[in-house]
Amino acid sequence: EPEVTQTPSHQVTQMGQEVILRCVPISNHLYFYWYRQILGQKVEFLVSFYNNEISEKSEIFDDQFSVERPDGSNFTLKIRSTKLEDSAMYFCASSVQENTEAFFGQGTRLTVV
Amino acid sequence: QQQVKQSPQSLIVQKGGIPIINCAYENTAFDYFPWYQQFPGKGPALLIAIRPDVSEKKEGRFTISFNKSAKQFSLHIMDSQPGDSATYFCAASIGNTDKLIFGTGTRLQVFP
């Protein structure tokens, strides 16, 4: 069964450092998303990406965040200068089209120290 | 208006019971309502979804009931099993956007 894969599963970084979280969406999917979940809280939308550009972003997705699809298979989330409050689970998701089933990866646990 | 309110926060049932999780929304533009199941340390997994043109959808032991006039929808789990113990999130999205708005989650525990 096709799945969304994310690497690494856990990343520890020092405050102020840059991190890149990687995702391989399901191959025939066209819409890509990043969500985050602070421990014990709900899942929050960060950004959606379609046709090589951001289609929507939340208030959380400020100038410190960027996304990229560097090749035909990977989808990355970069945080330029991490803050303590960026510590969370980051989930990548993909869907065939908008407003349809989104499939989530296993997540990357980011810990900023 | 973009919120989805979910209750209860936690739920404990015995095996075979029928837990019911409720969600309510304000924005009538929402037109897609999925439910996700999440086990600890894992990503949310789509369970079942409904659109407002139907009032009920059933897949296996999982049923969504949808009340458009009340702007509420609920998840029923028939013959619940200990393996159903997880956190359940309702969500909603609007047709001209592609982000999911999640509820706050319900932690379900099913005891043998």
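The values are calculated or read from the model by the stated rules, or taken from the named source; none is laboratory data. The structure displayed is predicted, hence computed values, not measured ones. Neighbour counts are summed over all protein chains in view; Cβ atoms, including those assigned to glycine, are modelled from backbone coordinates with ideal geometry. Surface areas here come from the heavy atoms of the whole protein model, side chains and all, with no ligands, DNA or RNA. Shrake-Rupley method; radii C 1.70, N 1.55, O 1.52, S 1.80 Å.
Some values worked out for this structure:
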| item | result |
| --- | --- |
| Heavy-atom accessible area ranking, 1.4 Å probe, most first, across B:Thr106, A:Thr5 | A:Thr5, B:Thr106 |
| FRET efficiency estimate (nearest 0.05) - Cβ-Cβ, A:Gln11 to B:Ile18, R0 25 angstrom | 0.05 |
| Of B:Lys15/B:Lys42; A:Lys42/B:Lys57; A:Lys42/B:Lys5; B:Lys58/B:Lys99; A:Lys42/B:Lys99, pairs whose Cα-Cα distance is over 18 Å | B:Lys15/B:Lys42; A:Lys42/B:Lys57; B:Lys58/B:Lys99 |
| Shielding of A:44-57 by partner chains, average beta-carbon count, 10 Å | 2 |
| Furthest towards positive pole of dipole, B:Trp35, B:Gln14, B:Val4, structure part chain B, Cβ charges | B:Gln14 |
| Highest-MSF residue in chain A out of A:Arg69, A:Arg80, A:Arg36 [GNM, Cα springs under 10 Å] | A:Arg80 |
| Choice from B:Thr63, B:Thr87, B:Thr28 with maximal GNM fluctuation in chain B (Cα, 10 Å cutoff) | B:Thr28 |
| Estimated FRET transfer efficiency when R0 is 22 angstrom, pair A:Arg80-A:Arg22 (beta carbons, to 0.05) | 0.85 |
| Assigned charges on the beta-carbon of Lys, Arg, Asp, Glu; segment B:4-111 dipole about Cα centre (debye) | 160 debye |
| Protein-only accessible surface order, largest first, of A:Leu39, B:Leu47, B:Leu75 at 1.4 Å | A:Leu39, B:Leu47, B:Leu75 |
